[in-house]
Amino acid sequence: MSAIRLLVLGAVRQRGRAHGYQVRNDLESWGAHEWSSTKPGSIYHALKQMAKQGLLLAHELAPSAAGGPPRTEYEITERGSDEFLSLLRDTLVSHDQKMDTLSAGIGFIVHLPRDEALALLKRRVEWLEAWRTSVTDYYTPEDGPAQLGHIGEIMHFWVHSADAGAEWTRGLIERIEEGAYTFDGEGQTLNGVHAEEA
């Protein structure tokens with residue numbers, strides 16, 4: 001899965017209705033242009049494509065009083081909201097997500113109920129542990145990577161990644177269990193939406 005789909009759907013969903021510049025501004029405020037493929041062109045392309053797919057509803061607005069071109073605002077459809085939540089859930093559970101996709105999922109985690117987020121993260125730990133076990137069926141970490149030559153470094157990296165990923169996820173679980181953050185249904189969440197500049 002690409003992060004752009006999750007990021008754009010989530011950004012529109014947070015605002016309720018947004019034009020491309022607002023989506024771009026919100027995502028850039030997260031630094032998403034640095035850690036993902038969400039460049040301006042890809043954001044506008046994703047908005048148009050997802051409108052064609054029925055995930056977003058496009059509203060053409062009149063040209064601005066200053067004479068600029070008409071602006072298109074988008075709002076998420078019920079189907080788009082279902083897609084967003086499905087992508088979010090898959091992202092949080094799967095152990096093999098790319099860093100940008102996982103980062104997007106963590107950025108939107110508060111859009112789930114707390115109990116569901118915790119359950120998904122616990123499943124993520126289980127997947128990471130199972131993946132680690134599948135690697136150690138062929139590789140003994142205690143014997144070091146040299147046992148398989150330079151290819152052993154790949155398996156050493158995988159084991160280290162599984163351990164680090166599980167440790168980080170357990171820490172997030174603990175923070176959430178202790179009451180960190182405001183989740184869906186608990187009140188106003190911090191959503192990263194910025195007010196329009198005057």
Across the range 126-167, the tally of residues that are surrounded by 14 or more Cβ atoms within 10 Å (Cβ to Cβ), hydrophobic (A, V, I, L, M, F, W, C) and either under 30 Å from H111 (Cα atoms) or modelled with pLDDT of 95 or more (or both) stands at 5
In the range 78-109, anything at pLDDT below 95 and among the small types (G, A, S) is listed as S94, S103, A104, G105, G107
Residue set L61, L112, L55; condition out of contact with any Gly (no Cβ under 9 Å at 6 or more places or on another chain) and modelled with pLDDT of 95 or more; output residue L112
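Identify, from the list Y44, Y21, the residue that is in a helix (DSSP H, G or I), more than 21 Å from L112 (Cα to Cα), of a type in the set (S, T, Y) and in contact with a Gly (Cβ under 6 Å, 6 or more places away or on another chain).
Y44
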In the range 16-37, anything under 13 Å from the mean Cα position of the chain (by Cα) and in contact (Cβ under 8 Å) with a residue 40 or more places away in the chain is listed as W30, A32, W35, S36, S37
Wholly inside the range 49-145, helices (runs of 4 or more DSSP H) that include 1 or more residues that are in contact with a strand residue (DSSP E or B) (Cβ under 9 Å, 6 or more places away or on another chain) and of a type in the set (G, A, S) are 78-93
Checked against (1) touching a residue at least 60 places away in the same chain (Cβ under 8 Å); (2) more than 16 Å from the chain's Cα centre (by Cα), H95 satisfies every condition except (2)
* Some residue of the range 74-85 being buried (at least 20 other Cβ atoms within 10 Å of the Cβ) and either within 30 Å of V135 (Cα to Cα) or more than 19 Å from the chain's Cα centre (by Cα) (or both) -> yes
Of the residues in the range 1-18, those that are polar (S, T, N, Q) and either on the phi > 0 side of the Ramachandran plot or assigned to a loop (DSSP other than H, G, I, E, B) (or both) come to S2
In the set L57, L47, the lone residue that is hydrophobic (A, V, I, L, M, F, W, C) and buried (at least 20 other Cβ atoms within 10 Å of the Cβ) is L47
Problem set entry | Selection status of E75, at pLDDT 90 or above and more than 16 Å from D100 (Cβ to Cβ) | yes
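The values are calculated or read from the model by the stated rules, or taken from the named source; none is laboratory data. The model shown is predicted, which means the values in this text are computed figures rather than measured ones. Neighbour counts are summed over all protein chains in view; Cβ atoms, including those assigned to glycine, are modelled from backbone coordinates with ideal geometry.
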